[in-house]
Amino acid sequence: MQGVVDDWVSEIGDQLPVSPLSVLGFVLAATIGVRIAGESVTTQALLESIFPLVTATAVVLADRFLVAQGISIRDRLTVFAYALGGFLAAFVVTSLHLYVAYLEGTGAHSPLYLLLMGGTLGVGAGTIAGLFDIKQRIATREARRQSERLEEFASVVSHDLRNPLSVAQGRLDAAFQTGKAEHLTEVDAALVRMDNLIEESLSVARSGTQVEETYDVPLAELAGDAWAATETADATYEVVGHRTLQVDPLRAKRLFENCFRNSVAHGSDDVHIRVGPCSSGFFIEDDGPGIPEDEREMVLEQGYSTAADGSGLGLAIVRAIADAHGWSVTITESESGGARFEFTN
């Protein structure tokens, strides 16, 4: 039920033309600014207005920062809810104070404006509380995702290593019993298979969902370096268009390598691969058989493979590295009917 509510909130938030928190902060800042401009500038007016004005402006800047950081609309709406709650709480407290002053006969100059000032400071306090809350939520989600990733890692390793381990044990017993060296060749192949599985699994586990340092790297350079490090048989590739990506070069190169390997493994010997920019990101596509629509989500999961000897980790590594860079992965069909992977911010 919680997931349904969250989706509903996100859908509504995505349809809003502007961020509610920015609107709230801007309206408060504009109101205070108009009041300052409409009255004579005195020390009292400045003392009453300058701090709330700075607070309202800071709220707008904080919201713009959240947008620039790619914080989800759901989390930004959470901050807005805290800010609105802070406004209402401060408004009520200030109202009670003014009412007490009225009963005592002292009254207050411009009571409505004082209510606005108190509410504005409440918005600032609520925004700070909201920022701390979503920081904790993001950390919790990150920890949960890491835990799930480790569980998947353990599951894949324990499951996929059983078969080559059984082969190695069986062939080793046969070698001892018969003395034939060809059994040791199969043992060696099984051990190589196990080593590859462990290496790929560790790559997924280490990928995490964050990168420490990023650099501006041309798309063509990333694709070229990855292509040179990949066994591609008679396959060909081309880069169409230009774009510079802000990436961790080594991990981004690994993403391209795994996409290239996937195209070569599932396409014909002379599969052709294209790399280029698209809206808010880049794409990697081929002219192979493509990926059925009902399998496009599953192929990114750990352990899913259509090949008899596949580990099901290649595209899981792609997804992990994309997550770490804040990219969404969409699988569609290329113009030639092959697979097309789109990576967008």
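In region 56-109, the qualifying residues are those that are among the hydroxyl-bearing types (Ser, Thr, Tyr) and under 30 Å from the mean Cα position of the chain (by Cα), and the one that is nearest to Ile138 (Cα to Cα) is Ser72. Could you tell me which residue of region 1-30 is modelled with the highest pLDDT, considering only residues that are open to solvent by less than 60 Å² (accessible area, probe 1.4 Å) and polar (S, T, N, Q)? Step by step, filter region 1-30, then rank; the result is Ser22. Residues in region 96-133 that are assigned to a helix (DSSP H, G or I), open to solvent by less than 40 Å² (accessible area, probe 1.4 Å) and either without any contact (Cβ under 8 Å) to a residue 12 or more places away in the chain or more than 12 Å from Ala83 (Cβ to Cβ) (or both): Leu98, Ala101, Tyr113, Leu115, Leu116, Met117, Gly118.
When region 219-270 is filtered for residues that are of a type outside the set (Asp, Glu), within 16 Å of Ala320 (Cα to Cα) and touching a residue at least 40 places away in the same chain (Cβ under 8 Å), the ones remaining, listed by number, are Val247, Arg251, Ala252, Arg254, Leu255, Asn258, Cys259, Asn262.
If you filter region 31-48 down to residues that are of a type outside the set (D, E, K, R) and at pLDDT 70 or above, you find that the one that is surrounded by the fewest Cβ atoms within 10 Å (Cβ to Cβ) is Ala37. Residue under question is Gly288, and the condition is that it be touching a Gly at 6+ places or on another chain (Cβ under 9 Å), part of a loop (DSSP other than H, G, I, E, B) and modelled with pLDDT of 90 or more; does it hold? Yes: the conditions hold for Gly288.
The values are calculated or read from the model by the stated rules, or taken from the named source; none is laboratory data. These numbers come from a predicted model, not from an experiment. Please note: Cβ atoms are built from the backbone with ideal geometry, for glycine as well, and neighbour counts cover all protein chains shown. Accessible surface is based on the protein model in full, side chains and every heavy atom, while ligands, DNA and RNA are left aside. Shrake-Rupley method; radii C 1.70, N 1.55, O 1.52, S 1.80 Å.
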